[in-house]
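Have a look at the structure below before the remarks.
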Amino acid sequence: GDIRGRGNVKVTYPGVTITADRVFGNLNREVTFTGNAKIVAKGISSFADTIQFYPRLSAYRLENPRGTLDPSILKGKVTTPVYLHGGSIRGQRNGYTLADNTDSTTCEFPDPHYELRAASTELIPDDKLIMKKVAIYFFGRKLLVVPLIVIPLNKDNRRVRTNYLPEAGRNLNEGYYVRLPYSFAEGKKAAAFVRLDVTEKKGLGYRVEQEYLAGKQEKYYN
């Protein structure tokens, strides 16, 4: 099962295609690709410094990836590709993906207007995307860190409340903008919603909402 090769290496496995300049390893255990290594699998296309492929598990690992996630893998929650780089990514042929210390954005510019830098990101196909310890950067400056972001990816077609999700864009009044919401519970009786707007033309803006269960709040909430 030992394998070694150089120059225009291409290995195709059900659901996975890997190309590189060099390959070595054992088909029964682990195969390593280096030199312009690139993988195309379900919903992901990426270059990496090294790619380890585990044929028996239909699994792979990327070190320092530089690639894209197709909108289809995120079930329409984004309309353009998500660009990923840095850290490491582990994935399986069924689309399950676990990433550590990666940066992501949908901005196509070489120096992105905004980035999400997550300590860990777990993609469970047809279920949810879980991001932990997410630092939000806008024009290279860190604005805040969100402990946890969970985006449902199930087949339920009900519209998600987008005012709870980060939003970036551009309009005539504000120029480039990023809206960063955060919602948290206050015991069992109330909840608060806080949003920070960062805009090119108008600077910073804040929005605060307070919600109660009608007639259930304690007196001090009044």
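Odds and ends about this structure:
- Test: residue in segment 22-36 that is closer than 25 Å to Met131 by Cβ, open to solvent by less than 40 Å² (accessible area, probe 1.4 Å), out of contact with any Phe, Trp or Tyr (no Cβ under 7 Å at 6 or more places or on another chain) and among the hydroxyl-bearing types (Ser, Thr, Tyr): no
- Among the conditions (1) open to solvent by 80 Å² or more (accessible area, probe 1.4 Å); (2) modelled with pLDDT under 85, the only one that Glu186 does not satisfy is (1).
- Those residues of segment 92-108 which are open to solvent by less than 70 Å² (accessible area, probe 1.4 Å), in contact with a Gly (Cβ under 9 Å, 6 or more places away or on another chain) and not acidic (Asp, Glu), in sequence order: Gly95, Thr97, Leu98, Ala99, Thr102
- Beta carbons closer than 8 Å, at least 6 apart along the sequence or on distinct chains, pair a first residue in segment 139-157 that is charged (D, E, K, R) with a second that is modelled with pLDDT under 85 for Lys155/Lys75; Lys155/Asp126.
- Screening Leu74 on (1) open to solvent by 50 Å² or more (accessible area, probe 1.4 Å); (2) modelled with pLDDT under 85 shows it passes everything except condition (1).
- Scanning segment 56-75 for residues that are small (Gly, Ala, Ser) and under 14 Å from the mean Cα position of the chain (by Cα) turns up Gly67, Ser72.
- Scope segment 77-91; condition open to solvent by 60 Å² or more (accessible area, probe 1.4 Å) and in contact (Cβ under 8 Å) with a residue 40 or more places away in the chain; matching residues: Lys77
- Residue that is farthest from Val82 (Cα to Cα), among those in segment 4-16 that are part of a strand (DSSP E or B) and touching a residue at least 24 places away in the same chain (Cβ under 8 Å): Val9
One line per residue, one yes/no per condition, for (1) at pLDDT below 80; (2) under 22 Å from Pro125 (Cα atoms); (3) loosely packed, with under 11 Cβ neighbours inside 10 Å:
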site	(1), (2), (3)
Lys155	yes, yes, yes
Arg159	yes, yes, yes
Leu172	no, no, yes
Ala192	yes, no, no
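The values are calculated or read from the model by the stated rules, or taken from the named source; none is laboratory data. Only a predicted model underlies this, so the values are computations on that prediction, with no experimental measurement involved. So basically every Cβ, Gly included, is an ideal-geometry build from the backbone, and we count neighbours across all protein chains shown. Just so you know, the surface numbers come from the protein's heavy atoms only, side chains and all, with ligands and any DNA or RNA stripped out. Shrake-Rupley method; radii C 1.70, N 1.55, O 1.52, S 1.80 Å.
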